1. Select from 226, 56, 288 the residue whose mean-square fluctuation is largest in a Gaussian network model of the chain (Cα-Cα springs shorter than 10 Å).
2. Using only alpha carbon pairs under 8 Å that are at least six residues apart, calculate the relative contact order of the chain and give it in whole percent.
3. For 273, 311, what ranking results if the residue with the fewest other Cβ atoms within 10 Å of its Cβ goes first?
4. I'd like the distance separating the alpha-carbon centroids of the range 345-400 and the range 1-79, in whole Å.
5. Determine, for 317, 11, the number of other Cβ atoms within 10 Å of each Cβ, and report the residues in order from fewest to most.
6. From the mean inverse distance of alpha carbon pairs (Kirkwood) and the Cα radius of gyration, derive Rg over Rh for the chain.
7. How far is the Cα center of the range 156-212 from the Cα center of the range 234-248, in Å?
8. State, as an integer percentage, the relative contact order of the range 333-398 based on alpha-carbon contacts under 8 Å between residues 6 or more apart.
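Throughout, read-outs are computed from the coordinates displayed, never taken from laboratory work. Remember, it's a predicted structure, so these values are computed and weren't measured experimentally. Note that each Cβ is placed from the backbone with ideal geometry, even for glycine, and that neighbours are counted across all protein chains shown.
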């Protein structure tokens, strides 16, 4: 049985089912393994992990611990209540279909610029802000025209291009998040620059560590974690670099409870943009395919952020981010109560739980159906759960 326990309840002989944190927040090869000694427990606590999941059938138990099902049922109620309270305001300047085409061009151009940028830093060259600003402006303009088009495209990934695609994704998500919070466009552009450059310090980390396929040693893990401070140093030395961008780069791995890095600051010691960047960075990492793991679907990743906001993130900002992305984001594959799979094509007009969807596949009869748009706000049907497109061999973007 999978149970949720505090890390200070962990004992040698227990089997960890899930460390319950991002891969850059712990030094272990896997997220699940048997605890063999006290030193491992100390490492887990030192990594800032407050709560995790154990499998009581593979190791020692904690009798009164809450089961995975019990906890997630409770969390689902909380996130559903949040979604029901949120008022959706639709203000796209262009349709999703029209903006998708423009957003594809914007993304392609951004990836090329980031490739060149990372290569330049590797060779010791200076960052040329004049080459970066137009990219961020194009992403920002696309977000302003129709945020769902630009954000949905972030999920089209190549795991071998993670570093570059992650930079573009964090940029776009930070721009959308900043707009959601009501910042002026000038400030939003500065945040976007920070998002695009937030991992630039990784170009100062040796390739042998950055691309190591196995577990990092303690010293290697420390070097890897130094990328936030290294990036901040690079941007500080770049003429004309906005202060907001420097702060985002230096603080995107800080945690609300003080367990992050490089400075281990906490709560409001972390700037608002640092807190936002931490949320965005983790969300994109969770939803990305990597060499060593498959990305989560967006709905599952948002639930993880909601869970971790108990300690690691500003809970109010996490809630605002969830409302921005949507419980079932545009481009998600969902299962309806009627037994049909559908793709979310619009966040809806009344509730995050009742978007507009386009039907794709009839599960009961095992056949594709003629696509039909259904406004779930009219309560003709409802979403049972999100589904993995990979499991069904369906590409949602063929239906948008």
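1. 56
2. 13
3. Least to most surrounded, the residues fall as 311, 273.
4. If you average the Cα positions of each part, the centres end up 34 Å apart.
5. 11, 317
6. Over the Cα atoms of the chain, Rg/Rh equals 0.96.
7. Computed from Cα coordinates, the inter-centre distance equals 14 Å.
8. 34
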